[in-house]
Amino acid sequence: MGLLDFGFGLAPLSGVIYVIASSVYLLYFHPASKFPGSKFSAVSYVLYCSASIHGRYPYPHSPNEVLFYTPQAAMDIYSPAVRNQELFVKTDLMDFGAGDLGFIWESDPAKRKAMAKKILPAFSAKAIKEKEPLVHHQELTKVKDGKTSDAVEMIRQSSFAGNLFQLSQEIPIIALAATSFVPLRVLRLILAVLRANAAEVKARIDKRGKAKHRDFMDHTIEPEGPPPATEKELVHVEQVTFQMFIASFDPVQITFHAVLSFTLKHPKTYAILTKEIRDAFATYDDMTPETLTHLKHLHAFIYETLRFHLTTPTGMPHISPGATVDGVYVPKVVVVQLSNFTATRHERHFADPLDFRPERWLPSDHALYDKRYAGDNLEAFFPFSLGPRQCSGQAIAWSQTRMFLGKVLWTFDLEGVRGHEFSFDRDFSVHMLWNRPEVGPRFLPRR
């Protein structure tokens, strides 16, 4: 046997030895090896990748990851901070190679904190109040017209490729396949949207201080200050702007779709909700974000919708600095996160966790309160996360959702369309963004 033949024979043996040695290390010596879970998932990304590619959530854990589902774990992972700077650093899951992580996707705690200091005033109670008429007009006009945009279509149609790109951070060879799942027309659309975003950013920079109401751009770059002086600074502003667009579009449209879906799927709840809204307001214009806050069942319905259909699939993975999570020490570099899906569907936290029951969120003195849900641990639910990275726009999201559902149900009778029945666990999947079935309600003039 020649040296070449010997080399070819040795290669498979070396591979087998590597797999065995790696598996032994991951099962018995890796920092995460002491935690319970699937042994196969502890040594391989196969289950994680399979669930991710097929869009079946929740995903299994990966070899260097530990998932928690308790409120204490959430507080330990996301809340601890020194001077409002997180201790558990966010992973680079959302790094798509743009060269800048903007604001929402930024993993560096210092950069994130500095950017938050600039932007958060745009989401103060006063700022939100000033923009209410504009938000109301834009959101309800979009719903009425049923129109989308190139940016929205680009995000939807490239989400699977984005999902593959995220997987490639663990298995680099997957990156070779990612672009092949994006049609040429979508690639062209991506380039067109990015160019349009850059053009809009430049135009908005030139209009600083001239808008009717200050928005996040006026806080990002002060009207009196100098504009971005370098390409790097401009790319940063473009990234922040694009991320704010996604944050203002995706969670809200998910929630709008979900509230319509669950009103159609649960006729009794729909009847109660419609009666509460119509009994409370004599005219359409009487409904405002403030007056709608008094409707207890509307509040409970939205909360249960958010529990049942999470707007954000991932629990935001963070890297342990070597700290205790829910009484258990997690070594350095191990990735941890709250499995929101498990937390909100676990019988330890909620009675009838797989049933849609808005009454679990009602106050105990409400006529429709059900004592069956008195033991529910409502603190196990964090629809807008918590800590330094909690959603900056949660007040706007609540306002938009109340206004949308209140005004739609005050104005219309909703009727389902045959053939559009759905099951959440069967018909919903996720590739970075949720893939949802068409609801297709009929909007009929109220009787």
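Quick notes on this one:
- Checking 324, 291, 305 one by one, the residue that is touching a residue at least 12 places away in the same chain (Cβ under 8 Å), in a helix (DSSP H, G or I) and in contact with a helix residue (DSSP H, G or I) (Cβ under 8 Å, 6 or more places away or on another chain) is 305 and no other.
- Within the stretch 164-181, residues that are without any contact (Cβ under 8 Å) to a residue 40 or more places away in the chain reach no partner that is surrounded by fewer than 14 Cβ atoms within 10 Å (Cβ to Cβ) and part of a loop (DSSP other than H, G, I, E, B) with beta carbons closer than 7 Å at six or more positions or on different chains.
- Selection over the stretch 339-366 of residues that are over 24 Å from the mean Cα position of the chain (by Cα) and without any contact (Cβ under 8 Å) to a residue 12 or more places away in the chain gives a count of 2.
- Considering the stretch 328-372, and only residues there that are surrounded by 17 or more Cβ atoms within 10 Å (Cβ to Cβ) and aromatic (Phe, Trp, Tyr), the residue that is nearest to residue 58 (Cα to Cα) turns out to be 341.
- Scanning the stretch 367-389 for residues that are without any contact (Cβ under 8 Å) to a residue 60 or more places away in the chain and within 17 Å of residue 314 (Cα to Cα) yields a single hit, 384.
- Considering residues of the stretch 337-367 that are touching a Gly at 6+ places or on another chain (Cβ under 6 Å) and either of a type in the set (A, V, I, L, M, F, W, C) or in a loop (DSSP other than H, G, I, E, B) (or both) only, the residue farthest from residue 272 (Cα to Cα): 338
- Residue in the stretch 272-283 that is under 24 Å from the mean Cα position of the chain (by Cα), of a type outside the set (Phe, Trp, Tyr) and either over 26 Å from residue 156 (Cα atoms) or in a helix (DSSP H, G or I) (or both) present: no
Okay, residues lined up against (1) of a type in the set (S, T, N, Q); (2) in contact with a helix residue (DSSP H, G or I) (Cβ under 9 Å, 6 or more places away or on another chain); (3) assigned to a helix (DSSP H, G or I); (4) surrounded by fewer than 14 Cβ atoms within 10 Å (Cβ to Cβ):
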| residue | (1), (2), (3), (4) |
| --- | --- |
| 193 | no, yes, yes, no |
| 198 | no, yes, yes, no |
| 210 | no, no, no, yes |
| 224 | no, no, no, yes |
| 234 | no, yes, yes, no |
| 243 | yes, no, yes, no |
| 249 | no, yes, yes, no |
| 258 | no, yes, yes, no |
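FYI, it's all coordinate maths here, none of it is from the lab. Just so you know, these numbers come straight off a predicted model, no measurement behind them. All Cβ positions, glycine included, derive from the backbone under ideal geometry; neighbour counts span all protein chains shown.
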